[in-house]
Amino acid sequence: MLQNGRVTYTDNFTKPNYTANLVAINGTIGAFGTHSTRPAPVDVSAKLAANGPVSIKGQVNPLIDKPALDLTASAYGVELTNLTPYSAKYAGYPITRGKLNVDLHYMLADNKLTANNHLFIDQLTFGDHIDNPTATKLPVRLAVSLLKNSRGEIDVNIPISGSLDNLQFSIGGLVWQAILNLVEKAVTAPFTLLAHAFGGGGEDLNYIEFNAGSADLNDAAQKKLDTIAKALTDKPSVRVDVIGRVDPKTDEPALRSAWVDSQVKRAKVRDMSSNGDNVDWSTIKVSDADYDQYLTKVYKSADFKKPTNFIGMTKTLPEADMKAALT
């Protein structure tokens, strides 16, 4: 039984060392020993000095040849400035502001650690860059902007794993390496991150594709654009530059075909106007039944040499041949 206990934890692999003080430790830990066959139940609460509450529950078997545990833990209101030794080492920036809530599940068996870390980070803010050979070269600030929502919050799940057989084993190091992996994914594939976060599924949001020769978006492209707009609304610190491109092999033939269609539409508008109809260009549609009629008019009025019949009249050609001649 623990009553008002205290534990000081120091990670000596990080320079400067990271130290955390657990105070007001209360709760119970069951019986265990060097030959224990049953794990000891754990139910402990504490406070991280100058921070919020900590809870640890589960079971442990710490004194056997290969220690084992299965624990869930939570801590709330952790001041992120205390984690600057890790952020400076792995990210290259000190933390000047922010709070952290964590929900953890750690399992250790046969010297293998598997764990999941649910992190909720509020108002994470970095200071000036620190030259550190162990720090990532990735644009950390960009990644944080991509991960933050409009309220300045980051909500992520980070799985980790490692082996106690590794002499350099460090839980803190594993967690920060996992965070850096998340940073790398964010900055190397930001649109994939946004797609998963905002309902885009596995879609590639790197580009929005128009139908060849058209300035109109189809439904699928409009959905992708809506997803990007939603993401940017939620992440006001992120700016996207849009660059246009064309593919001459597909766009040029489609543009030529679109030009023919516009001439066919003009031919219909001229007919309607000559009949005294009030014409609104945007509402005019050329039906399949009318298309060949107006295409023929466009073809015959075009200024280029056309094949003629035996009496010298312009031949009537199939639709595909007339369109090919016009383009």
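See the values below:
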{"quantity": "Spatially close lysines, pair count over segment 248-326: Cα under 12 Å, gap of eight or more or interchain", "calculated": "9"}
{"quantity": "Rounded to 10°, Cα long-axis angle of helix 219-234 versus longest principal axis of the chain", "calculated": "40 degrees"}
{"quantity": "Gain in span if fully extended, A215 to S282, counting 0.36 nm per residue against the direct Cα distance", "calculated": "22.6 nm"}
{"quantity": "Value of relative contact order over the chain, rounded to a whole percent, pairs C-alpha under 8 Å and six or more apart", "calculated": "9 percent"}
{"quantity": "FRET efficiency, L138 to N26 (Cβ-Cβ, R0 45 Å, nearest 0.05)", "calculated": "0.60"}
{"quantity": "Degrees between helix 248-274 axis and first principal axis of the chain (Cα, 0 to 90, nearest 10)", "calculated": "50 degrees"}
{"quantity": "Between helix 171-188 and the chain: long-axis angle, C-alpha atoms, 0 to 90°, nearest 10", "calculated": "10 degrees"}
{"quantity": "Efficiency of FRET from Cβ geometry, Y207 and D290, R₀ 35 Å, rounded to 0.05", "calculated": "0.45"}
{"quantity": "Theoretical ellipticity at 222 nm over the chain - DSSP helices of four or more residues, -39500 (n - 2.57) apiece, nearest 500", "calculated": "-10500 deg cm²/dmol"}
{"quantity": "Mean shadow area of the chain over all directions, Cα convex hull, nm²", "calculated": "28.4 nm²"}
{"quantity": "For segment 95-141 and segment 22-91, distance of Cα centres in Å", "calculated": "17 Å"}
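No lab work stands behind these numbers, since they all come straight from the coordinates. Quantities reported herein were computed from a predicted structural model and do not represent experimental measurements. All Cβ positions, even for glycine, are placed from backbone atoms using ideal geometry, and neighbour counts span all protein chains on display.
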